[in-house]
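J.: Below you will find the structure I want to go over with you.
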Amino acid sequence: MTSLTVRNLTKSFGALKVTDDVSLEFVPGEIHAIIGPNGAGKTTLISQLSGQLRSDSGTVLVGERDVTRLPMSDRVKLGLARSFQITSVLPGFTALENVALAVQARNGSSFRFFRTVSDEAALNDAALVALREAGLDHRADITARSLSHGEHRRLELAIALATEPTILLLDEPLAGVGGEDAEAFVANLQKLKGRFTIVLIEHDMDAVFALADRVSVLVYGRIIATGTPEAVRSDPEVRAAYLGDEAGEVV
Amino acid sequence: MSDATAAPVSTARRPLAGRLKAALVLFAIFALMPPLAAVLNDPFYVLIGTRILAYAIAAMALDLILGYGAMVSFGHAAYLGFGAYAVAILSRHGVNDLILQILFAAGISAAFAFVTGAISLRTKGVYFIMITLAFGQMAFFFFISLSAYGGDDGVALAQRSTVLGMDLLKSDFGQYYVTLALLVGLFLLCHRIVGSRFGRVLTGIRENPTRMEAIGFSPFRYQLTAFIISGCITSVAGVVLANQAQFVSPAFMSWHRSGELIVMVVLGGVGTLAGPIAGAVAALMLEEWLGALSKHWKLFFGVFLVLMVLFSPRGITGLLEQLGLARKRQ
Ligand SMILES: Nc1ncnc2c1ncn2[C@@H]1O[C@H](COP(=O)(O)OP(=O)(O)OP(=O)(O)O)[C@@H](O)[C@H]1O
Ligand SMILES: [Mg+2]
């Protein structure tokens, strides 16, 4: 059984083929990393999976369900959540409000016009749980625009968690996070392992090899290898195309 | 950064409380205005005051979508017209009840807002402004061609509306206080909406529509609903204006009026509800005052607006904040 299936997905921007016949199967509970050089098409692939971008051809299945034609907002309701490489939150809302809105999206109607939403304990409590899982609960009342870059990355994760996903598409959650912060964040992600199917795009190889069950390598829109981290690391084609010196150091 | 103490969770409600307080101060001043005018022996102010309160309703309703939903409607005067013509049309058929007239106005407005909003919301930014303007002009020309109601010249009203059989609007004082009651009631309605689940979604869409889609909201239906609510509330202002002037004409819905409504919102401070109410007061008083001083008053008003935008981009609300009289938003 697979939780997310991608078949022969393509996408072109003009003459540029950014996603080139990508087929992948994601197993429930696995962390599946997708790595590849800058401009390989990783973010584009995530956008196609989440529904932000329309695919030129191919299919995306969540479980058995074909979601290829569904818009992003409908796919979230089927358990497909994403985070953004470039932080995309509601800057004027507090961290808690950002997350509570994601909770609200899955809990009851939003066509309620009279009751004060900030008093809804059920929303705030669930939001706080998601913030805690992302390690940001101590900053719940801070306006998003006043949060640091590292905290923004955590807020992205908390918002995605609050949508009650079964599949998490994380686009470089560690982008721009370094040192201890990155280690702590990896530990956070480690705790989530098994509860969701996680598609992890990441440049930080330490994080990838610490977290991933399987790794796929995307180069010029094509998947050139899929396998365990060890197998991929020693794949000569991958090393030639992408890992290069970096892998040399690790091996 | 990590040493922040784990404060008890209370979401940012302070802007809400500030909005309520500012509005209550304004309403208190409005309530005291007629006795003051009586003391000053200038009852004319009560009639002007009614007009100001009506525009305050309209500006506040526009703020609901402009300030909270980032939808700059340049055709909102159409709803003033629907309100005004609802009075003219119903009273011709013997229906003088204010409540029925408001319901009729709101019904027409909801239908018009539903159709034009659904089309306009396919566009964004400057295109949205232009297309709402175009729909507003369509409504304007429709009423110009409505010869049964005087066409271009409009039509005088034989009497003011009644409320459940009572002649509450007969005196200028009564009319003023009924209008004030409408303003207060509709403000409380908008205030609730803005603080509700729906209001949070609307504000979220203003802040970042892509993020909203990524958590499962499709912006269109929420924006359209807000657009309809705003149109309906604006039409109440039109009902009042028809009574105040005892006259209805397409001039109520010219694009100048739509522009004036935007000016009131911006002048007062977008996304504050109470601000645009103050903006309506300021804009109309300046109009009276400058109009009496010089027939080139629009020029002076323009200069004033430019200065305002230069020195207080967030309008009167921003000015009060700078003076320390209102709480700053984060
Ligand atoms: N909307 C767009 N229009 C045109 N070209 C685009 C668009 N989005 C992405 N591209 C191009 O598609 C290619 C893939 O971009 P994408 O952002 O998917 O790469 P990526 O693997 O995520 O890169 P990075 O590691 O830098 O995040 C790039 O060459 C980029 O310039
Ligand atoms: Mg990318």
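J.: Are any of the residues in the range A:40-53 surrounded by fewer than 17 Cβ atoms within 10 Å (Cβ to Cβ), over 13 Å from A:Ile223 (Cβ atoms) and more than 15 Å from ligand 2 (Cβ to nearest atom)?
T.: No, the range A:40-53 has no match at all.
J.: Here is a further query. Does any residue of the range A:207-223 turn out to be free of Cβ contacts under 8 Å to residues at least 60 places away in the same chain, of a type outside the set (D, E, K, R) and within 16 Å of ligand 2 (Cβ to nearest atom)?
T.: Within the range A:207-223, one or more residues are free of Cβ contacts under 8 Å to residues at least 60 places away in the same chain, of a type outside the set (D, E, K, R) and within 16 Å of ligand 2 (Cβ to nearest atom).
J.: Also, I was wondering about something else. Answer yes or no as to whether A:Leu45 is within 12 Å of ligand 1 (Cβ to nearest atom), touching a residue at least 24 places away in the same chain (Cβ under 8 Å) and in a loop (DSSP other than H, G, I, E, B).
T.: no
J.: For the range A:25-39, which positions are away from ligand 2 (no atom under 15 Å from the Cβ) and either on the phi < 0 side of the Ramachandran plot or within 14 Å of another protein chain (Cβ to nearest Cβ) (or both)?
T.: Result: A:Glu25, A:Phe26, A:Val27, A:Pro28, A:Glu30, A:Ile31, A:His32.
J.: Which of the residues belonging to the range A:1-15 are modelled with pLDDT of 95 or more and either away from ligand 1 (no atom under 16 Å from the Cβ) or of a type in the set (A, V, I, L, M, F, W, C) (or both)?
T.: Correct list: A:Leu4, A:Thr5, A:Val6, A:Arg7, A:Asn8, A:Leu9, A:Phe13.
J.: Quick check: is even one residue across the range A:71-80 within 16 Å of ligand 2 (Cβ to nearest atom), of a type outside the set (A, V, I, L, M) and over 30 Å from A:Ile142 (Cα atoms)?
T.: no
Yes/no per residue for (1) within 16 Å of ligand 2 (Cβ to nearest atom); (2) within 14 Å of chain B (Cβ to nearest Cβ):
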site: A:Arg153; (1), (2): yes, yes
site: A:Leu161; (1), (2): no, yes
site: A:Asp171; (1), (2): yes, yes
site: A:Gly176; (1), (2): yes, no
site: A:Gly179; (1), (2): no, yes
site: A:Lys191; (1), (2): no, no
site: A:Gly194; (1), (2): no, no
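J.: Pick from the range A:10-24 the residues that are surrounded by 19 or more Cβ atoms within 10 Å (Cβ to Cβ) and within 16 Å of ligand 2 (Cβ to nearest atom): which of them is nearest to A:Ile167 (Cα to Cα)?
T.: Taking the candidates together, the pick is A:Val22.
J.: Taking the condition more than 14 Å from every other protein chain (Cβ to nearest Cβ), more than 18 Å from B:Arg19 (Cα to Cα) and in contact with a Phe, Trp or Tyr (Cβ under 7 Å, 6 or more places away or on another chain), does B:Leu157 pass?
T.: Here the answer is yes, as B:Leu157 does meet what is asked.
J.: While we're here: May I ask you to say which residue of A:Ala130, A:Ala100, A:Ala121 is buried (at least 17 other Cβ atoms within 10 Å of the Cβ) and more than 9 Å from chain B (Cβ to nearest Cβ)?
T.: A:Ala130
The values are calculated or read from the model by the stated rules, or taken from the named source; none is laboratory data. Source: prediction; values computed, not measured. So basically every Cβ, Gly included, is an ideal-geometry build from the backbone, and we count neighbours across all protein chains shown.
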